[in-house]
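Beneath this line is the structure, given in structure tokens, with notes to follow.
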Amino acid sequence: MTDASPPARKTWMATLAKAPPARLAALMPELPPHTVLRQPEIGAVMVRGRVGATGAAFNLGEMTVTRASVRLASGEVGHAWVQGRDRGHALRAAAVDALMQTEAAPDLAARIVAPLSAEATAARSDRAAKAAGTRVDFFTMVRGEDK
């Protein structure tokens with residue numbers, strides 16, 4: 001069984017929630033036998049932000065999310081909150097969350113979570129490289145009176 005401590009679970013749940021729905025579906029085409037505890041529900045959450053990541057928090061706007069909860073036949077319960085309106089993505093992410101609490105966790109971590117995490121890291125690096133190409137460095141030239 002994998003580490004189901006809150007920090008580890010937070011990491012894999014964030015990876016699943018941020019994954020492209022089609023990619024998660026390709027990595028896990030079949031859902032395990034489960035009981036739906038909470039049907040996928042679509043709602044909105046308030047997104048808060050900070051200017052410069054240090055200023056006072058303010059309401060940025062609302063974001064659509066879908067949540068779901070499932071219970072496996074073995075008793076593990078999985079939850080998911082995903083951005084957007086994709087009910088299948090929420091169910092799939094909740095099922096993986098539940099499976100990550102079983103003996104199948106090492107296999108799932110290698111087969112599903114690790115590839116999604118690596119793809120997300122590569123996408124962030126690509127975005128950072130594109131943004132770095134537009135960076136402008138400002139400098140002040142020394143003027144005569146500054147001598």
Exercise. Go through 50, 9 for me and flag whichever is surrounded by 12 or more Cβ atoms within 10 Å (Cβ to Cβ) and over 18 Å from residue 119 (Cα atoms).
Key: 9
Self-check item: Filter result (at pLDDT 95 or above and in contact with a Lys or Arg (Cβ under 8 Å, 6 or more places away or on another chain)) within the stretch 83-96
Solution: 90
Quiz item: Do the conditions hold for residue 44, that is, is it among the hydrophobic types (A, V, I, L, M, F, W, C), assigned to a strand (DSSP E or B) and in contact with a Phe, Trp or Tyr (Cβ under 9 Å, 6 or more places away or on another chain)?
Solution: no
Quiz item: When you look at residue 102, is it over 15 Å from residue 16 (Cα atoms), in contact with a helix residue (DSSP H, G or I) (Cβ under 9 Å, 6 or more places away or on another chain) and assigned to a loop (DSSP other than H, G, I, E, B), yes or no?
Solution: yes
Self-check item: Conditions (1) part of a strand (DSSP E or B); (2) of a type in the set (D, E, K, R); (3) exposed (fewer than 14 other Cβ atoms within 10 Å of the Cβ): number failed by residue 137
Solution: (1)
Quiz prompt | Single condition residue 26 does not satisfy, out of (1) touching a residue at least 40 places away in the same chain (Cβ under 8 Å); (2) under 26 Å from residue 118 (Cα atoms) | solution = (1)
Quiz item: Restricting attention to the stretch 15-47, which residues are among the small types (Gly, Ala, Ser) and either surrounded by 14 or more Cβ atoms within 10 Å (Cβ to Cβ) or touching a His at 6+ places or on another chain (Cβ under 7 Å) (or both)?
Solution: 17, 19, 25
Quiz item: How many residues, within the stretch 48-69, are among the hydrophobic types (A, V, I, L, M, F, W, C), assigned to a strand (DSSP E or B) and touching a Lys or Arg at 6+ places or on another chain (Cβ under 8 Å)?
Solution: 4
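The values are calculated or read from the model by the stated rules, or taken from the named source; none is laboratory data. All values derive from a computational prediction rather than experimental measurement. No Cβ is skipped: glycine too gets one built from the backbone with ideal geometry, and neighbour counts run over all protein chains shown.
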